[in-house]
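The values are calculated or read from the model by the stated rules, or taken from the named source; none is laboratory data. Here the structure is a predicted model, which is why all the values come from computation and not from measurement. Reconstructed Cβ throughout: ideal geometry from the backbone, glycine too, with neighbour counts over all protein chains shown.
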Amino acid sequence: MISLCVPPFPRKTLVMGIVNVTPDSFFDGGRLPDVDAVRDRGAQLVREGADILDVGGESTRPGADPVSKGEELCRVLPAVEALVPLQVPVSVDTYHAETARRALSLGAAMINDVTALRGDPEMAAVIAASGCPCVLMHMQGEPRTMQQAPRYDDVVDDIRAFFDERMAFATAAGIQESQIWLDPGFGFGKTVDQNLLLLRRIGEFHCLGRPLLLGVSNKSTLGTVLGAEVTDRTEGTAAAVALAAAAGVHCVRVHNVKTMARVVRVCDAVTRGRTDKDG
């Protein structure tokens, strides 16, 4: 397993490249029909600057229906086997403990759980036993229902309280706090205005002392602001990624790695100091 240890506030914003092995993901569903295509896509993302590859076998777009554990395993495990030899950390986007356990045994380095350990009662034990990093994401409701009138007293304060509770749960289950990453769940059970406020105030989550992951890539909020279809949101994604990087987010999860890696490189040069060696 490749180590994936990230200091709380690194100089470099990491780029997580999305590798969806689903037929129905909102942006790129069905584009990777076999293992060879997965391997080629992963290699391309690494060449373009991906620091981490995130494999997902179940769509979590608004309104999506869950898939069976068996179907997810059939999609995810061959993809993990294909990507691990590329020598970058492989994250697995799952809330099923069996998928996580078997993916980790194949060399996956991180578990990205959109339910923040609420989806499967065995997940926390699997992560604790492996010692791997895990992402705890906020989502109000579930993908099938999460956009049905989400409500908050204050979206940032409510998510921060959620993270406090989930981190306490995780550490009580044996997961080291140093291995926990946090994802506020842009687009997961939030209105357009709530998503924009979340991005505006993203820096407030630094008080929790954990690496922050943010997935804004091509989301519908950006489409609403731009009046743009899902395939025409690159500039909106770049703006959101730049704002996130400038606010100190540790890692951005994106589809278009080449463009977004360049965006964060410039943001990092301005806000965190240059790390390149050229004049």
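Here is how the numbers come out for the structure above:
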| quantity | calculated |
| --- | --- |
| Test for Asp54: is it modelled with pLDDT of 80 or more, within 23 Å of Ser220 (Cα to Cα), touching a Lys or Arg at 6+ places or on another chain (Cβ under 8 Å) and of a type in the set (D, E, K, R) | yes |
| Enumeration of residues in region 209-235 that are in contact with a Leu (Cβ under 6 Å, 6 or more places away or on another chain) and either part of a loop (DSSP other than H, G, I, E, B) or surrounded by fewer than 17 Cβ atoms within 10 Å (Cβ to Cβ) (or both) | Arg210, Arg233 |
| Criterion: out of contact with any Ser or Thr (no Cβ under 8 Å at 6 or more places or on another chain) and either modelled with pLDDT under 60 or closer than 19 Å to Thr234 by Cα (or both) - qualifying residue of Leu14, Leu32 | Leu14 |
| Qualifying residue in region 173-187 (condition: part of a loop (DSSP other than H, G, I, E, B), closer than 25 Å to Pro150 by Cα and modelled with pLDDT under 95) | yes |
| Only listed residue being assigned to a helix (DSSP H, G or I), in contact with a Cys (Cβ under 9 Å, 6 or more places away or on another chain), modelled with pLDDT of 95 or more and not small (Gly, Ala, Ser), chosen from Arg160, Arg262, Arg166 | Arg160 |
| Residue list for region 117-142, restricted to those being modelled with pLDDT under 95 and buried (at least 20 other Cβ atoms within 10 Å of the Cβ) | Met139, Gln140 |
| Unmet requirement for Gln140, which otherwise passes all of (1) part of a helix (DSSP H, G or I); (2) more than 19 Å from Ala172 (Cβ to Cβ) | (1) |
| Filtered residues of region 170-204 (kept if among the basic types (Lys, Arg) and crowded, with 24+ Cβ neighbours inside 10 Å) | Lys190 |
| The lone exception for Gly223 - which of (1) free of Cβ contacts under 8 Å to residues at least 24 places away in the same chain; (2) farther than 24 Å from Val257 by Cβ it fails | (2) |
| Filter result for the condition that a residue is at pLDDT below 85, farther than 17 Å from Pro211 by Cβ and out of contact with any Cys (no Cβ under 8 Å at 6 or more places or on another chain), over Phe27, Phe9 | Phe27 |
